[in-house]
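First up is the structure itself, then whatever we jot down about it.
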Amino acid sequence: TTSKEYPVILGAEALTALAPFLKEHLSNVTKIMIITDSNVGDRYLNQVKHQLGEYEVVTHLVPNGEKAKTFDVFYDCLTAALQEKLDRKSLFIALGGGAIGDLCGFVAASFMRGVPFIQLPTTILAHDSAVGGKVAINHPLGKNMIGAFYQPEAVIYDIDFLQSLPAMERRSGFAEVMKHALINDLHFYQWLLTDIDNLQTITTEQLQECLSKGIKVKESVVSKDEKELGIRAFLNFGHTLGHAIEAEAGYGSITHGEAVVIGMVFALRLSKKLLHLQFEQQEFLEWLHKLGYSTKVPSGLYEEKLIDRMKQDKKTIGQVIQFVLLEEVGKPVLYKIDENVLLEELKQFMK
Ligand code: NAD
Ligand code: ZN
């Protein structure tokens with residue numbers, strides 16, 4: 001494989017590992033550019049800079065959220081890096097959620113044919129996006145269409161940064177934690193179900209457990225299939241319908257994870273029906289409601305349109321829609337589904 005190993009340092013106060021890591025592993029770095037947004041930068045930039053007292057640090061602020069992943073912002077980052085005279089010995093640091101990580105990683109991959117970067121994730125979702133080596137920006141014709149496979153030198157995940165995360169961002173990221181449990185680890189799923197009942201009051205210890213287990217699942221799937229030829233597709237559990245809902249509802253009106261939860265509920269229904277999955281659907285739904293998720297497709301969306309979206313999905317082969325279903329919790333399979341069957345099932349689900 002072409003992958004290189006990199007450490008994921010996770011925990012409360014993980015940030016204090018940053019400077020020692022640089023000294024030990026990136027000793028020729030002199031200049032650092034931090035890319036962040038105002039939601040994160042206003043809160044945590046000073047702390048990060050404080051750790052980097054010995055370095056020449058410049059900061060480049062980009063728009064919050066998905067607006068960071070445009071060609072214009074990408075170009076501005078490169079312009080700033082050139083103006084600040086960064087060179088091949090410089091380092092980029094992504095301080096933020098998945099949007100910042102994806103943008104900054106692609107900037108690092110492109111600048112002077114690739115310079116090192118470090119991820120400092122600040123969202124729950126970033127346990128997913130910071131691991132796996134995919135970096136990208138969006139094109140008007142499709143999300144994440146322009147990018148690279150490019151690994152960070154390290155992921156330093158300070159859980160204290162998550163305290164300020166708004167409720168809907170917590171729900172969005174926690175959906176991917178659930179996904180990782182459902183596709184890989186029954187015990188992890190059962191632990192989530194019994195231990196986590198409120199995403200606002202979730203403890204640092206619980207978060208640490210969720211993130212480290214989630215990262216392990218992602219790493220294990222990716223390490224077996226880095227370039228997405230086979231089992232990496234299992235990470236798409238809940239995403240076939242989830243992506244269609246996001247696109248039809250309009251990006252921004254529902255978060256990614258909230259849409260994926262609805263997609264997972266539907267995939268579990270299909271799994272029970274088509275693969276005889278043994279699963280307590282009612283218990284799952286009640287838990288989701290307790291955590292503040294909606295488990296229904298938002299009103300105003302049409303079955304046929306959702307199916308059209310699924311056909312356009314880049315994971316769809318030809319015109320045949322493929323779902324990730326579960327034979328058991330922890331045992332995913334790829335399942336090509338007949339369009340008429342899908343339409344019928346979706347109609348019932350959306351009733
Ligand atoms: P994000 O980076 O857009 O962050 C969500 C919002 O929360 C933003 O407004 C941000 O400013 C704010 N925020 C971030 N951290 C905060 C904090 N600690 N306190 C307060 N506010 C904070 O979104 P995300 O959900 O982390 O990531 C979504 C992105 O990740 C998408 O662009 C998606 O395509 C990408 N993604 C990439 C991969 C991958 O493999 N590369 C995988 C999954 C998702
Ligand atoms: Zn996702």
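May I ask you to verify whether LEU229 is more than 12 Å from ligand 2 (Cβ to nearest atom), at pLDDT 95 or above, among the aliphatic types (A, V, I, L, M) and over 23 Å from ILE307 (Cα atoms)? When the stated conditions are applied, LEU229 does not pass them. Residues that are more than 8 Å from ligand 1 (Cβ to nearest atom) and surrounded by 16 or more Cβ atoms within 10 Å (Cβ to Cβ) within segment 134-145 comprise just one, ILE137. If the condition is being away from ligand 1 (no atom under 14 Å from the Cβ) and in contact with a helix residue (DSSP H, G or I) (Cβ under 8 Å, 6 or more places away or on another chain), then segment 95-125 contributes SER110, PHE111, GLY114, VAL115, PRO116, ILE118.
Search segment 161-194 for residues being exposed (fewer than 15 other Cβ atoms within 10 Å of the Cβ) and more than 16 Å from ligand 2 (Cβ to nearest atom), and hand back the single one that is nearest to LEU325 (Cα to Cα). The selected residue is LEU186. Mind listing whichever residues of segment 122-149 are assigned to a strand (DSSP E or B) and either closer than 19 Å to SER172 by Cβ or assigned by TED's automatic domain parsing to the domain that holds THR255 (or both)? Once the filter is applied, which keeps residues that are assigned to a strand (DSSP E or B) and either closer than 19 Å to SER172 by Cβ or assigned by TED's automatic domain parsing to the domain that holds THR255 (or both), segment 122-149 yields LYS134, ALA136, ASN138, LYS143, ASN144.
Listed here are the residues, each with its yes/no results for (1) assigned to a helix (DSSP H, G or I); (2) within 24 Å of the chain's Cα centre (by Cα); (3) without any contact (Cβ under 8 Å) to a residue 12 or more places away in the chain.
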| position | (1), (2), (3) |
| --- | --- |
| ILE262 | yes, yes, no |
| LYS273 | yes, no, no |
| GLU283 | yes, no, no |
| THR295 | no, yes, no |
| SER299 | no, no, yes |
| MET310 | yes, yes, no |
| ILE321 | no, yes, no |
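For ILE124, only one of the following conditions fails: (1) in contact with a Cys (Cβ under 8 Å, 6 or more places away or on another chain); (2) within 16 Å of ligand 2 (Cβ to nearest atom); (3) without any contact (Cβ under 8 Å) to a residue 40 or more places away in the chain. What is its number? Looking at each condition in turn, ILE124 falls short on (3). Among residues belonging to segment 246-260 that are assigned to a loop (DSSP other than H, G, I, E, B) and among the β-branched types (Val, Ile, Thr), point out the one that is farthest from GLU66 (Cα to Cα). Looking at residues that are assigned to a loop (DSSP other than H, G, I, E, B) and among the β-branched types (Val, Ile, Thr), I get ILE254. The number of residues in segment 248-258 being within 15 Å of ligand 1 (Cβ to nearest atom) and surrounded by fewer than 19 Cβ atoms within 10 Å (Cβ to Cβ) comes to 3. For first residues located in segment 47-61 and farther than 16 Å from LEU22 by Cα, partners that are part of a strand (DSSP E or B) and lie 6+ apart or on another chain with Cβ distances below 7 Å form the pairs VAL58/MET33; THR59/ILE34; THR59/THR36; HIS60/MET33; HIS60/ILE35; LEU61/THR36; LEU61/ASP37. Can you confirm whether PHE71 is in contact (Cβ under 8 Å) with a residue 24 or more places away in the chain, crowded, with 24+ Cβ neighbours inside 10 Å and of a type outside the set (Gly, Ala, Ser)? It is false that PHE71 is in contact (Cβ under 8 Å) with a residue 24 or more places away in the chain, crowded, with 24+ Cβ neighbours inside 10 Å and of a type outside the set (Gly, Ala, Ser).
For segment 171-194, check the following and say yes or no: at least one residue is among the charged types (D, E, K, R), touching a residue at least 40 places away in the same chain (Cβ under 8 Å) and closer than 29 Å to VAL29 by Cβ. The answer is no, given that none of the residues of segment 171-194 is among the charged types (D, E, K, R), touching a residue at least 40 places away in the same chain (Cβ under 8 Å) and closer than 29 Å to VAL29 by Cβ. Looking across TYR44, TYR6, one residue alone is under 17 Å from GLN119 (Cα atoms) and at pLDDT below 95. It is TYR6.
The values are calculated or read from the model by the stated rules, or taken from the named source; none is laboratory data. This structure is a prediction, so every number in the text was calculated from the model and none was measured. Positions of Cβ are backbone-derived with ideal geometry, glycine not excepted, and every protein chain shown enters the neighbour counts.
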